[in-house]
Every structure is written in structure tokens, then in C-alpha cells.
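Visitor: Attaching a single structure in C-alpha cells format; questions to follow.
The values are calculated or read from the model by the stated rules, or taken from the named source; none is laboratory data. Given the structure is predicted, the values throughout are model-derived calculations rather than measurements. Positions of Cβ are backbone-derived with ideal geometry, glycine not excepted, and every protein chain shown enters the neighbour counts. Protein only, heavy atoms only, side chains kept; ligands, DNA and RNA dropped before computing areas. Shrake-Rupley method; radii C 1.70, N 1.55, O 1.52, S 1.80 Å.
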Amino acid sequence: MQLTGLLDLLRSSSAYRDLLTRLRGETAMPDLGVIRAARPFLLAALAQEWSAPIVYITGRVDRAYNVSEQLPVWLGDRPIYRFAEPTALFYERTSWVENVIRGRIATLAALTPPEEIDGAKNLVSTGAQQPIIITSARAIMQRTMPVNQFRKATLMLKPGQRHTMDVLLNRWLKLGYEPVSVVVE
């Protein structure tokens, strides 16, 4: 079920227009007093008009999960990234679950889209749709790779390109991939 038509009603209201004007201004925002159940609805409306990435931070892990599950009802097929928290606590020396690692990398990749070089050799951002990231306070407390290192370690493989397999394999091994005979995921 999709409820995208209701977003048009919200966006046409004067209270919403006033909120959008205040958000675009550079003044501090007071607490909006939006009830928790209406926050995904308001976030979806803002996401359709906002021209920058949106990061929605909750105080609890379960609330971040709930919002990330509710947003597709309002936004349809628009990608929503869940910047998940590691299963291990910060002082534990256990490894993270693979889907958490994949989700965090996908989120970071969405926040740092590839840049292209124009004719004047200036870096320009590709016109990709701005991401919506849902996370918890616990998730953002975990450090991530600096953006310049993340870009340097990112390699975009496109159909038809030629690469030396040994070079690719060595690069992936240095990034932490492990060789296996059968790839499942």
C-alpha cells in the first residue's frame, strides 16, 4: 500500500509551508512538538522537497528501525538507507554482523556519490537523488572512515570495462575481503 497522495495534502497546508520556510532559514529551530506517529509522514513530505541529504536520528535503535520500515509506504521506491548500529558494544572485541557492515557502507556510498571531472578539470557531483538516512544515536557514535579515504578505496566497476584480475584481487584483499571458492552473497 502506498499513501503518497496524502503527502500532497500536507504540503499544501500553511503550517507545513511555514515549517519549510523556517527550515530553509539559518535560525535555530525550536522543538516542533510533532507526535512520534506523525514524524515519518512529515519526514516523507520534507524528503520530496528537500534538495540535500536528510539524516533522521532517533534516540533509540528500535525507533530508527520502525521509521525505516514506515517510510517506503510514503515514498514508494525511493531508496532509504539504514545506518545501522553494530551488534557489538564499543568496548567488545567481537566482529560486526555482515549485514550491518554492508548497510553502513551503502549509506556512506550514498552520502559520497562519485564525482566526475568536467571539461575544466573541476570536480562536479553527479545529479543523483539525495539520500534519506535513518539512524540512531548509538549508530552515529561509531567512527567511520574519513571521506577522502572512503573515496580512494571506492572502485566503480562498469559493464564493458577491462581490468587486470590480479590487480583487482590484490586490491580487494587489502580492503579485507577473503577468498572463497563459492560466492554466496
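Visitor: What pairs can you find where one residue is in the stretch 142-158 and over 23 Å from L169 (Cα atoms), the other is open to solvent by 70 Å² or more (accessible area, probe 1.4 Å), and their Cβ atoms are less than 8 Å apart, with a gap of 6+ or different chains?
Guide: Q142/F90
Visitor: Test each condition in (1) more than 19 Å from E98 (Cβ to Cβ); (2) open to solvent by 80 Å² or more (accessible area, probe 1.4 Å) for P179 and report the one that comes out false.
Guide: (1)
Visitor: Condition first: under 17 Å from the mean Cα position of the chain (by Cα), modelled with pLDDT under 85, open to solvent by less than 50 Å² (accessible area, probe 1.4 Å) and not polar (S, T, N, Q). Can you find one or more residues in the stretch 62-74 that meet it?
Guide: No - not one qualifying residue is present in the stretch 62-74.
Visitor: Something else now. Can you tell me which residue in the stretch 16-57 is least open to solvent (accessible area, probe 1.4 Å), limited to those that are part of a helix (DSSP H, G or I) and aromatic (F, W, Y)?
Guide: Of the residues in the stretch 16-57, the ones part of a helix (DSSP H, G or I) are 16-24, 36-49.
With aromatic (F, W, Y) added as a condition, the list becomes 16, 41.
Working: Y16: 5, F41: 51 Å².
Within the stretch 16-57, the match that is least open to solvent (accessible area, probe 1.4 Å) is Y16.
Visitor: List the pairs whose first member sits in the stretch 23-45 and is free of Cβ contacts under 8 Å to residues at least 40 places away in the same chain, whose second member is assigned to a loop (DSSP other than H, G, I, E, B) and open to solvent by less than 60 Å² (accessible area, probe 1.4 Å), and whose Cβ atoms are under 6 Å apart, counting only residues at least 6 apart or on separate chains?
Guide: L42/V34
Visitor: Need the failing condition index for T4 against (1) open to solvent by 60 Å² or more (accessible area, probe 1.4 Å); (2) at pLDDT below 80, just the number.
Guide: Failed condition: (1).
Visitor: Looking only at residues that are under 27 Å from A44 (Cα atoms) and at pLDDT below 75 in the stretch 77-114, which one is most open to solvent (accessible area, probe 1.4 Å)? Let's see the steps before the verdict.
Guide: First, the residues of the stretch 77-114 that are under 27 Å from A44 (Cα atoms): 77-86, 99-114.
Applying the additional criterion that residues be at pLDDT below 75 yields 113-114.
Values: P113: 32, P114: 69 Å².
The residue in question is P114.
Visitor: Moving on to the next point. Which residue, of A137, A153, is among the hydrophobic types (A, V, I, L, M, F, W, C), in contact with a Gly (Cβ under 7 Å, 6 or more places away or on another chain) and either open to solvent by less than 80 Å² (accessible area, probe 1.4 Å) or more than 20 Å from T87 (Cα to Cα) (or both)?
Guide: Numbers: A153 fails: in contact with a Gly (Cβ under 7 Å, 6 or more places away or on another chain).
Among A137, A153, only A137 is among the hydrophobic types (A, V, I, L, M, F, W, C), in contact with a Gly (Cβ under 7 Å, 6 or more places away or on another chain) and either open to solvent by less than 80 Å² (accessible area, probe 1.4 Å) or more than 20 Å from T87 (Cα to Cα) (or both).
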